[in-house]
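Asks: One structure, pasted below without further comment.
The values are calculated or read from the model by the stated rules, or taken from the named source; none is laboratory data. Note that the coordinates shown come from a computational prediction; the quantities given were computed from them, not determined experimentally. In this analysis, Cβ positions are derived from the backbone assuming ideal geometry, glycine residues included, and neighbour counts consider all displayed protein chains.
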């Protein structure tokens, strides 16, 4: 029994599966972005090569930094992401889980942002501290909208707080995206993901032409490799979460495999298209957008969900 | 840690060249900006005084990689001004053609970089894709993509091959269409508009007070274009409009550059038509330059570039002075960058299309004991102005 748990955590659907799939999807992102911009794009193994090469590089630890925090944050963030991916994957592929696992996932996803903030502010660099400040503001902006849209499937499934049960309700009733409130939540969810992954137009904390990478500026070598791997792993975690909450999960029998791949690609392609057609917005515009538009719309979605629309 | 000053440079992804800006910030709002130039100084004026006139033209071409024909044009204007040398009519059209092609490629380069600076890499790549044919045209005309070596005293170095004119016209047709599409896209794009509208405003009064030139001043509603004012080369012989926009924000500067590109395509097409008809020499032989001094002005993509050359009758300039447009445009940051967020300041810094290589000069202030001393340069300058004014009044 304990052997299976370790297998879930380290191989499938945890560390190895999420890491490899993340790097592959990262390649899809880079390749598709490049084709949209009339470039050739990187070869298939580029992300793997980048990761392995960075592992062999020297780690430079900044003299003025708080060393333990500086080193611990990328590794801790990696650990949390492995945990999250295991939980989501268990619900999606094996229909397992525990009561309240959705809440735990939401908490852990927020801890990831907190770790980015900690890592950035531990370096003592001006750009990193500005980037961390922006990350805090962005977290404040998108977090409430994200929590609200996660509540909509809970309400629609008859107040189930377990991913497995939400998926079961969807397999009976059909995916939640077919209802009005579900569709609203899905759209807001994609925008929240864009902000949580700091993809354009919400790459405000990193903003390489302004603050030179923000929180990640001082990182090098293996630590930077882990930050990049974390970024690519989120390409798996967030779409899987959306699929579980709104698109009815995966049915891995026969034609269902094709549907599963299509669902995943749909979300990825929407994210890449948004990423490539928008300039970086200002942090006040982002706050304005989430607090003035996205959050109220999510509230409306919740009210609609309560009335069963 | 809350920082109260953000260094931009000397080496920073925003800057292609080394330059230093210090932003004094309150949270994310910039309250003051300090500029420091001189990181790229190479002593071009001094080197030019050791070269012959013909060599100086090639030297000033290397001042900047982007306006690499504006400096030679201004330089040959200055040398021709000493002896009032006339150039053949065909050479005039070729000079204008090369100068305007450079404006197209420089503005497109800026447009792409502006896209990159606001995190819009797709715009960057698309615009640079359309810039590529312009460089191919340079290759057809001069044989080179970046440093063309076309300018000579009394004309141009290389004729435009009549056989290549249909090819060039075809590329201009394509470019005209794409630029019209780009202008439409930039004007209608709600995302770009909301990001850049009202950002980094340089008011009409500030533009006048800081003596801004080129697109920087024209986007603030100030008229002034050397091409219209002096009509050197073929500019008096072709039809084109001077674009002036009223608002002075980054969005207007962006739209102004796109519209200028369309005007430039128009000028180039007219030049090509004329080159089909006009035959004749392209170079007047100039044996020697007599003693005297001359000035040359040209509307570079970034504004007015000014060259002053003094000759003592030998084969080399004894004084060569260059004033590049960015030198007067950079101080406008003091007016346009205060009180706006850091994210906006960075695109405002880029909005004047600064060219630091052109701008760089070094200055050593010494007192009578030859010790370096830091005196307020503004004070010295004002004292000198006062002194000259007193002398003029006294002589009356």
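Asks: Evaluate the following for residue A:117: is it surrounded by fewer than 18 Cβ atoms within 10 Å (Cβ to Cβ) and within 19 Å of residue A:194 (Cα to Cα)? Let's see the steps before the verdict.
Replies: Details: surrounded by fewer than 18 Cβ atoms within 10 Å (Cβ to Cβ): no; within 19 Å of residue A:194 (Cα to Cα): yes.
So residue A:117 fails the test.
Asks: On to the next question. Do you know which residues across region B:155-193 are closer than 17 Å to residue B:92 by Cα and either free of Cβ contacts under 8 Å to residues at least 24 places away in the same chain or surrounded by fewer than 20 Cβ atoms within 10 Å (Cβ to Cβ) (or both)? Before you say what the answer is, go through the steps one by one.
Replies: Residues of region B:155-193 that are closer than 17 Å to residue B:92 by Cα, as a first pass: B:155-162, B:165.
Across region B:155-193, the qualifying residues are B:157, B:158, B:159, B:161, B:162, B:165.
Asks: Determine whether residue B:244 is closer than 28 Å to residue B:327 by Cβ, at pLDDT 90 or above and not in a helix (DSSP H, G or I). Break it down stepwise before answering.
Replies: On the way: closer than 28 Å to residue B:327 by Cβ: yes; at pLDDT 90 or above: yes; not in a helix (DSSP H, G or I): yes.
It is true that residue B:244 is closer than 28 Å to residue B:327 by Cβ, at pLDDT 90 or above and not in a helix (DSSP H, G or I).
Asks: State which residue pairs qualify: first residue within 13 Å of chain B (Cβ to nearest Cβ) and at positive phi and inside region A:108-131, second residue modelled with pLDDT under 90 and surrounded by fewer than 24 Cβ atoms within 10 Å (Cβ to Cβ) in any location, beta carbons under 7 Å apart, and separation of 6 or more residues or different chains.
Replies: Note: pairs meeting the criteria are A:124/A:62; A:124/A:64; A:124/A:65; A:124/B:1.
Asks: Being more than 14 Å from every other protein chain (Cβ to nearest Cβ), in contact with a helix residue (DSSP H, G or I) (Cβ under 7 Å, 6 or more places away or on another chain) and at pLDDT 85 or above narrows it down to one of B:310, B:390, B:316, so name that one.
Replies: Working: B:310 fails: in contact with a helix residue (DSSP H, G or I) (Cβ under 7 Å, 6 or more places away or on another chain); B:390 fails: in contact with a helix residue (DSSP H, G or I) (Cβ under 7 Å, 6 or more places away or on another chain).
B:316 is the lone residue from the list that is more than 14 Å from every other protein chain (Cβ to nearest Cβ), in contact with a helix residue (DSSP H, G or I) (Cβ under 7 Å, 6 or more places away or on another chain) and at pLDDT 85 or above.
Asks: Among what's in region B:319-339 and is in contact with a helix residue (DSSP H, G or I) (Cβ under 8 Å, 6 or more places away or on another chain) and more than 24 Å from residue B:68 (Cβ to Cβ), pick the residue that is surrounded by the fewest Cβ atoms within 10 Å (Cβ to Cβ).
Replies: B:335
Asks: Given the criterion within 14 Å of chain B (Cβ to nearest Cβ) and either buried (at least 23 other Cβ atoms within 10 Å of the Cβ) or modelled with pLDDT of 90 or more (or both), identify the matching residue among A:215, A:239, A:222.
Replies: On the way: A:239 fails: within 14 Å of chain B (Cβ to nearest Cβ); A:222 fails: within 14 Å of chain B (Cβ to nearest Cβ).
Of the residues listed, the single one that is within 14 Å of chain B (Cβ to nearest Cβ) and either buried (at least 23 other Cβ atoms within 10 Å of the Cβ) or modelled with pLDDT of 90 or more (or both) is A:215.
Asks: Can you name the condition, by its number, that residue A:61 falls short on among (1) without any contact (Cβ under 8 Å) to a residue 12 or more places away in the chain; (2) farther than 23 Å from residue A:27 by Cβ; (3) not in a loop (DSSP other than H, G, I, E, B)?
Replies: (3)
Asks: Does residue B:218 count as assigned by TED's automatic domain parsing to the domain that holds residue B:120 and surrounded by fewer than 20 Cβ atoms within 10 Å (Cβ to Cβ)?
Replies: Values: assigned by TED's automatic domain parsing to the domain that holds residue B:120: yes; surrounded by fewer than 20 Cβ atoms within 10 Å (Cβ to Cβ): no.
It is false that residue B:218 is assigned by TED's automatic domain parsing to the domain that holds residue B:120 and surrounded by fewer than 20 Cβ atoms within 10 Å (Cβ to Cβ).
Asks: Residues in region B:192-210: is at least one away from chain A (no Cβ under 14 Å), assigned to a loop (DSSP other than H, G, I, E, B) and touching a helix residue (DSSP H, G or I) at 6+ places or on another chain (Cβ under 6 Å)? I'd like the intermediate steps shown before the answer.
Replies: Applying the first criterion (away from chain A (no Cβ under 14 Å)) to region B:192-210 yields B:201-210.
When the remaining residues are screened for being assigned to a loop (DSSP other than H, G, I, E, B), the result is B:201-203, B:210.
Add one more test, that the residue is touching a helix residue (DSSP H, G or I) at 6+ places or on another chain (Cβ under 6 Å), and what stays is B:202, B:210.
Checking region B:192-210: at least one residue is away from chain A (no Cβ under 14 Å), assigned to a loop (DSSP other than H, G, I, E, B) and touching a helix residue (DSSP H, G or I) at 6+ places or on another chain (Cβ under 6 Å).
Asks: Can you tell me which of A:23, A:54 is surrounded by 14 or more Cβ atoms within 10 Å (Cβ to Cβ), under 18 Å from residue A:226 (Cα atoms) and under 19 Å from the mean Cα position of the chain (by Cα)? Lay out the reasoning, then the answer.
Replies: Details: A:54 fails: under 19 Å from the mean Cα position of the chain (by Cα).
Checking each option against the conditions leaves just A:23.
Asks: List the helices (runs of 4 or more DSSP H) inside region B:70-163, counting only whole elements, that have at least 2 residues being within 14 Å of chain A (Cβ to nearest Cβ), within 30 Å of residue A:273 (Cα to Cα) and touching a helix residue (DSSP H, G or I) at 6+ places or on another chain (Cβ under 9 Å). Break it down stepwise before answering.
Replies: Numbers: elements: B:70-83, B:89-117, B:121-142.
Hits in region B:70-163: B:89-117, B:121-142.
Here is a yes/no grid of residues against (1) within 14 Å of chain A (Cβ to nearest Cβ); (2) touching a helix residue (DSSP H, G or I) at 6+ places or on another chain (Cβ under 9 Å); (3) more than 22 Å from residue B:322 (Cβ to Cβ):
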| residue | (1), (2), (3) |
| --- | --- |
| B:17 | no, yes, no |
| B:26 | yes, no, yes |
| B:29 | yes, yes, yes |
| B:64 | no, yes, no |
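Asks: Among the residues of region A:173-202, write down those that are in contact (Cβ under 8 Å) with a residue 60 or more places away in the chain, over 12 Å from residue A:305 (Cα atoms) and part of a helix (DSSP H, G or I).
Replies: Passing the criteria: A:186, A:188, A:190, A:191, A:192, A:193, A:194, A:195, A:196.
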